[in-house]
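Asks: Got a structure here, written out as structure tokens. Questions coming.
Just so it is clear, none of the values below were taken in a lab; they were calculated from the coordinates. All figures in this text were calculated on a predicted structure; none of them were measured in a lab. Every residue, glycine among them, receives a Cβ derived from its backbone with ideal geometry; neighbour counts consider all protein chains shown.
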Amino acid sequence: MATVANQVGTPAPTRQRSKGLSEKRLAVLMVSPSMILIALVAAWPVIYAIWLSLHQYSVRVAGLSRWVGVDNYWTSGLSNPDWRSALYHTLIFTVISVSLEVVIGLGMALAMHRAFRGQGLLRTVVLVPWAVLTVVTAVMWRTMFVSPYGFVNTVLGTHTVWLGQEPYALIIIILADVWKTSPFIALLLLAGLQIIPGDIYEAAKVDGATAWQRFVRITLPLLKPAILVALIFRTLDALRIFDLPYVLTQGTVGTSTLSTISQQTFATNRLYGEGSAQAILAFIIVMIVSFAYIRFIGGNIRGMTAE
Amino acid sequence: MRRGLGVAFLCAIVLAVTACGSSGSSSSSGGSSSSGGSSSGSSASVSGAKVLPASALNNPPKGTITYCTGKDTTGAAHYVVSQFNAAYGSQGYHANLVEFPASADQQRAQFIQRQQAKSGSCDVFSSDVIWTAEFSSQKWLYDLTPYVTANASKFIAAPLQTVHYGGKYWGVPQTSDAAFIYYKTGEAVPSTWQQVYTDAKKTGGIVYQGAPYEGLTCDFLELAFAAGGQVLSADGKKSAINSPQNLAALELMVNGIKNGSAPQSVTTYMEPETDQAFSSGKYGYMRNWTYAYAADGTGSLKGKIHAAPLPTFAGAGKASILGGHNSVISVYSKDPGLALKFADFFASPAQQKAQILKFSLAAVIPSVYKDPDVLKAVPYAPQLLQALTQAKARPVSPVYPQISQAIYTNVNNALAGRESPQAALKAADSQINSALSTF
């Protein structure tokens, strides 16, 4: 019985001993399991990808590889016109789709935030696109835009080859992404809206603020942390866009992205070194963008959370 | 401290997010084809691969092998496995079925992952005909030359070429495939491609697979090979795509879209869209694989469509591109003898007959096409045998995915009018040459 009690009570002595540990060492001890997990799950694949990107692996002879240093980054990345146009498409896609999503998502969140009959139903309906798998979304949009006798051409009375022409294909991918992920932003922003205390609005009303003033002076500033979180998540996601172009256009007709091109190189063509270099370049670009967020707008996040 | 934590947290997010991205791309993979062909005539050789003697299939150790194949949508794989177990179960031989995803890219990725892990979890794999060169040059397959040479006379020659690479045989043919020209009752039986395009203009048009993917490589090569063109030089070391023959073939396709013999939308069509368009009844002709006969012949067009082997290119020859699957045996299999027994069973006349009768899959042995039951149930059997006999292979190379990409991207650019046919072939030529110089 005594042993059992001892075993059950093992945390107790540790806790007593920990009184002897400095707070800092205790923090390190407690954080280390999750750090090890992150290292295994996140850091290791990245380090392995960097290792791969510094080599070339033969597609002819089994197991043959050679060290090429950073050559892959130049030949299949920065100096490669295909990669550069993929970067260009990715940036256009990201800027346009994320801007549209934030604006539309904010509108949806404001609409859902109001108390009215059928509010629950509206919230459910709005979330449906987000619940649909991206690949299913893509197949759906493909069917809608199939030419010449798809749904869209029938309604518009046109014979446009939507998915086979240059600006259209990318526009459709942007539309599909906006349709799918605006509800996600709406959900994040709705959560943000709900923690804004109602009495602030009432006080403003008493002071004679118009609806527009209340929106600009109260809602937007207090919603800023939520908007930034949504922006960061969506931007990082958008920079990695893969499934929509892969299903809709196989990454052709001006819709190649950083992810489709590295998938093509790595998996289809089995050029592991070159494909990894392209993936690492994408990783670096995502890194730069997220540091830019912290540097230029992130101060506000810290300011808000400190309050 | 707060600042440091914030940065660390963001790094963690970025790491997790991009790591997902890169592992996602490494787990998917592509040959992006539903069917294909490959053949001998390559200068490459694979040495040092393990050879499986033909006698291995006699009395192998008792046990169970695993047969890996793409998603069994028709039940064909379940059927052959249950037949094998019924025939040999009492002797202690069993087969299990493992289904991979429906997409060819994913099947290839799944198999490659297992082979890279040196896992014997797929003893027999149903390999698309275009993967032979790649798998065998990586030494992932047993060399089945002794078995195949002993049984060569049993098979139709063309499908057998799809398991041939570097002077050796790497698999046993399972099922084959070739394309047909489909046309509505009352149309003239097309004898040349030029005639198909001329007639198509009067009857709504011809639909085919013109989207930038493996299917377009097949559609283009059928015309190009018929016109006498080549993709690679005889020694396989240089591109031969930029030739007058290939240009003639590409110009026929491009002009077809320009003058309305084919709708512009074919530049976005894969097989399902082609089927859909043709079964709408608005188009006179369709190029598609044999499966479309069963798919379209039962709907609104029942009894109204005919299938013919692909026509001649005026002034030159005829060609079709081989599709289908082969049984390949993993070099990590623990019971390769039993695996060979399964591959042999799949290619037996009884099983081949069942595959074509029950599942419309083209048999790889000629005798099946003369079987009275088959002739009765599959009215296009003689045309199918003819199509398989005239079939040619896509270029066999470990860098085939890059070669195919160079072809379908540039041909699609020409079809959509983004490049002239001359410029498209020139671009394909330089891309193929750089693919061939891959390490």
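Asks: Quick one: A:Arg234, A:Arg123, fewest Cβ neighbours within 10 Å first, how do they rank? Walk me through the intermediate numbers first.
Replies: On the way: A:Arg234 23, A:Arg123 17.
The most exposed by this proxy come first: A:Arg123, A:Arg234.
Asks: Using only the Cα atoms, what convex hull volume per residue in Å³ does segment A:115-213 have? Each step should come with its number before you reach the end.
Replies: Values: hull volume 15.9 nm³, N = 99.
Hull volume over Cα atoms, normalised by residue count, gives 161 Å³.
Asks: Using the Karplus curve 6.51 cos²θ - 1.76 cosθ + 1.60 with θ = phi - 60°, work out ³J(HN,Hα) for each residue of segment B:157-165 in order, rounded to whole Hz, and write x for Gly and Pro.
Replies: Taking θ as phi minus 60°, the curve returns 4, 4, x, 5, 5, 6, 9, 9, 8 Hz for segment B:157-165.
Asks: Go from 0 up to the bin containing the longest alpha carbon distance in the protein assembly as shown, width 20 Å each, and give me the % of pairs per bin.
Replies: Spelled out bin by bin, the protein assembly as shown gives 15, 42, 30, 11, 1 percent.
Asks: Can I ask one more? Check B:Ile305: other-chain or 5+ apart residues with amide H under 5 Å from its amide H, H built from backbone geometry?
Replies: B:Thr185
Asks: Counting only other chains, and only Cβ atoms inside 10 Å, what mean value do you get across the residues of A:40-46? Walk me through the intermediate numbers first.
Replies: On the way: counts 0, 5, 10, 5, 1, 9, 7.
If you average over the peptide's residues, the count of other-chain Cβ atoms is 5.
Asks: Can you give me the convex hull volume of the Cα atoms of chain A, divided per residue and expressed in Å³?
Replies: Details: hull volume 84.5 nm³, N = 307.
Residue-normalised Cα hull volume stands at 275 Å³.
Asks: Work out the mean other chain Cβ neighbour count within 10 Å for the residues of A:230-242 and drop it here as an integer. Please report the intermediate quantities before stating the final value.
Replies: Values: counts 0, 0, 3, 2, 0, 0, 7, 2, 0, 3, 7, 1, 4.
Mean partner shielding for this stretch: 2.
Asks: Here's something else I'd like to know. Counting only other chains, what is the mean number of Cβ atoms within 10 angstrom of the Cβ of each residue in peptide A:264-275? Kindly include the intermediate steps, with their values, before the conclusion.
Replies: Values: counts 6, 2, 5, 13, 13, 10, 11, 6, 1, 1, 2, 3.
Other-chain Cβ atoms within 10 Å of each residue's Cβ, averaged: 6.
Asks: Give the residue from B:Gln107, A:Ser290, A:Tyr272 lying farthest towards the positive end of the charge dipole for the protein assembly as shown; charges sit on Cβ (+1 for Lys and Arg, -1 for Asp and Glu) and the dipole is referred to the Cα centre.
Replies: Final value for the positive-end residue is A:Ser290.
Asks: Would you please report the Å³ per residue occupied by the convex hull of the alpha carbon atoms in segment B:147-249? Don't skip to the answer; put the middle values down first.
Replies: Numbers: hull volume 16.5 nm³, N = 103.
Dividing the Cα hull volume of segment B:147-249 by its residues yields 160 Å³.
Asks: Show which lysines lie in cross-link reach of B:Lys237 when reach means a straight Cα distance below 27 angstrom and same-chain residues fewer than eight apart are skipped.
Replies: B:Lys50, B:Lys139, B:Lys168, B:Lys318, B:Lys392, B:Lys426
Asks: Below 8 Å, C-alpha to C-alpha, sequence gap of six or more: please give me the relative contact order for chain B in percent. It would help to have the intermediate numbers written out before the result.
Replies: On the way: 872 pairs, mean separation 111.4, N = 439.
Rounded, it is 25 percent for chain B.
Asks: If I model a spin label as a point 7 Å beyond the Cα along the Cα-Cβ vector, how far apart are those points for B:Ser119 and B:Lys370 in nm?
Replies: Result: 4.5 nm between the two label points.
Asks: Would you grab the residues whose amide H sits under 5 Å from the one on B:Glu419? Only those 5+ places off in sequence or on another chain, please, with H modelled 1.01 Å from N.
Replies: It is B:Ala414, by chain and number.
Asks: Follow-up question, since we're still on this one. Can you sort A:Trp83, A:Trp179 from fewest to most other Cβ atoms within 10 Å of each residue's own Cβ? Don't jump to the answer; show the numbers that get you there.
Replies: Numbers: A:Trp83 23, A:Trp179 18.
The order, fewest Cβ neighbours first, is A:Trp179, A:Trp83.
Asks: With a 10 Å Cβ neighbour count serving as the proxy for reagent exposure, in which order, fewest first, do A:Ile218, B:Ile356, A:Ile232 appear? Write down the numbers at each step before the final one.
Replies: Values: A:Ile218 16, B:Ile356 23, A:Ile232 20.
By the 10 Å Cβ count, ascending, the order reads A:Ile218, A:Ile232, B:Ile356.
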